[in-house]
């Protein structure tokens, strides 16, 4: 313990050395501080000089203006592209709706033609025609006329909304049904006309190879149906074509069945 | 198993094969949907009672049992009363609409139908939303 004790003189020497090192360090710090101050002052002066020079200032301003112009052009081009994309988007949306509608229409037409040719039974074909006219067209009162082989007249084979006897004859002179049969084209009247059983709103003649085999007359539409769409006109065409062939095929099939049965009867009679 | 949990089962009760085919065509555009067809109200009741369905499309004018009777029977049965029901019919009168809705139909659509509209309504009801 006594070894740690030093005399006051040596301790004073140590303190003096420490103090002188501190003084040197402070001096160095002051020199460094002065150098940095000088550097800062020279930089501030250089910047100030540069901005004060008109050439430098012009150059700087031109650079800024050019940059601003570039940015404005970029902004304008982005804005135009955005507008183009928005227009394209609207076109795609409109096209999507068109395709959707077209898809729906094709589904209706496919179902109509599929169902019409799904059977060779005459009553079934007539039932399908009735279903199509009610469910797909939206008719409330209508009749399907078929050619009577004996009389050569078109008679009501099936009807909805009124008794068959209440419907007018197709051969009424000057009538819309007679006109439709003459032209072999569907005739579509005013869907908003007051429904009556004198004149149909829509006539769809049924022809097979230029020969009339029937006619569909629509006399009143369902109350929620206020007009005809493009699909309705397509359906009238499909009915005119496919219902005719379906009815014709069903009649031929039933005749051939009858003939086959008769022939079979003869053969059975002869062979027994 | 998880795939099946996402699938939705829809029952079409309609006596017209033409309408059934058209509705199947429209609904097949949705993914993960199983469609079962019934040809009249009684057939529909049998099928809805014996299997799980997420939605039913029901016609009103049908032989054997009409659509309104079927709706009231479904709504009267505890296990079936939660099935959303869409009526698709030719009857466009306001009183017919009100009657069907008062019996428990969720939506009332009149023929001729727009397949898009049917799809929108069906999708909304399957999500548990009220169609706008």
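What follows draws every value from the coordinates through simple rules; no lab data is involved. Because the structure is predicted, anything quoted here is derived from the model rather than measured. Neighbour counts run over all protein chains shown; Cβ positions are idealised from the backbone, glycine included.
Kindly express, to the nearest 10 degrees and within the range 0 to 90, the angle between helix A:122-131's C-alpha long axis and the longest C-alpha principal axis of chain A.
Rounded to the nearest ten degrees, it is 40.
Using only the alpha-carbon atoms of the range A:117-260 as identical scatterers, what base-10 log of I(q)/I(0) does the Debye formula give at q = 0.12, 0.14, 0.17, 0.19 Å⁻¹?
For the range A:117-260 at q = 0.12, 0.14, 0.17, 0.19 Å⁻¹, log10 I(q)/I(0) is -0.44, -0.60, -0.90, -1.13.
Taking Cα pairs under 8 Å and at least six residues apart, what relative contact order does the range A:117-260 come out at, in percent?
28 percent
Given 0.36 nm per residue, what is the gain on full extension from residue A:185 to residue A:226 after removing their alpha carbon distance, in nm?
Extra length available between residue A:185 and residue A:226 comes to 12.5 nm.
With just the Cα atoms defining each centre, how far is the range A:116-189 from the range B:17-32? Give it in Å.
That distance is 28 Å.
If one takes the longest principal axis of the Cα atoms in chain A, at what angle in degrees, from 0 to 90 and to the nearest 10, does the Cα axis of helix A:8-52 lie?
Taking the Cα atoms of chain A, the angle to A:8-52 is about 50 degrees.
So, in nm, how far is label residue A:117 from label residue A:257 when the simple model puts each one 7 Å beyond its Cα toward the Cβ?
2.0 nm
Nearest 0.05, what FRET efficiency do residue A:38 and residue A:82 give at R0 = 56 Å with Cβ-Cβ as r? Each step should come with its number before you reach the end.
On the way: r = 54 Å, r/R0 = 0.97.
Step by step, r from the Cβ atoms, then E = 0.55.
Please find the FRET efficiency linking residue A:162 to residue A:110, where r is the Cβ-Cβ separation and R0 is fixed at 22 Å, and quote it to the nearest 0.05.
That gives a FRET efficiency of 0.10.
Counting DSSP beta bridges in the protein assembly as shown, what percent are antiparallel, to the nearest 5?
Working: 22 of 39 bridges.
Bridges in the protein assembly as shown that DSSP calls antiparallel: roughly 55 percent.
Averaged across B:108-118, how many Cβ atoms of other chains sit within 10 Å of each residue's Cβ atom? Write down the numbers at each step before the final one.
Details: counts 0, 1, 5, 8, 15, 5, 5, 7, 5, 1, 1.
For this peptide, the per-residue mean of nearby foreign Cβ atoms is 5.
Between residue A:48 and residue A:24, 0.36 nm times their residue separation minus their Cα-Cα distance comes to what?
5.0 nm is the gain from fully extending residue A:48 to residue A:24.
Equivalent ellipsoid semi-axes for the protein assembly as shown, as square roots of 5 times the alpha carbon gyration tensor eigenvalues: give them largest first, rounded to whole Å. Each step should come with its number before you reach the end.
Working: eigenvalues 1560, 225, 86 Å².
Taking √(5λ) for each Cα gyration eigenvalue gives 88, 34, 21 Å.
Can you give the average number of partner chain beta-carbon atoms within 10 Å of each beta-carbon in peptide B:17-29, as a whole number?
Rounded to a whole number, the mean comes out at 5.
Nearest 10 degrees, 0 to 90: what angle lies between the long axis of helix A:54-116 and the longest principal axis of chain A (Cα atoms)?
Computed tilt is about 20 degrees.
Would you mind ranking A:53, B:110 by Cβ crowding within 10 Å, fewest neighbours first? Please report the intermediate quantities before stating the final value.
Numbers: A:53 11, B:110 19.
Ranking A:53, B:110 by Cβ neighbours within 10 Å, fewest first, gives A:53, B:110.
Determine the shielding of peptide B:74-87 by partner chains: average, over its residues, the number of Cβ atoms on other chains within 10 angstrom of each Cβ.
Partner Cβ neighbours, averaged per residue: 0.
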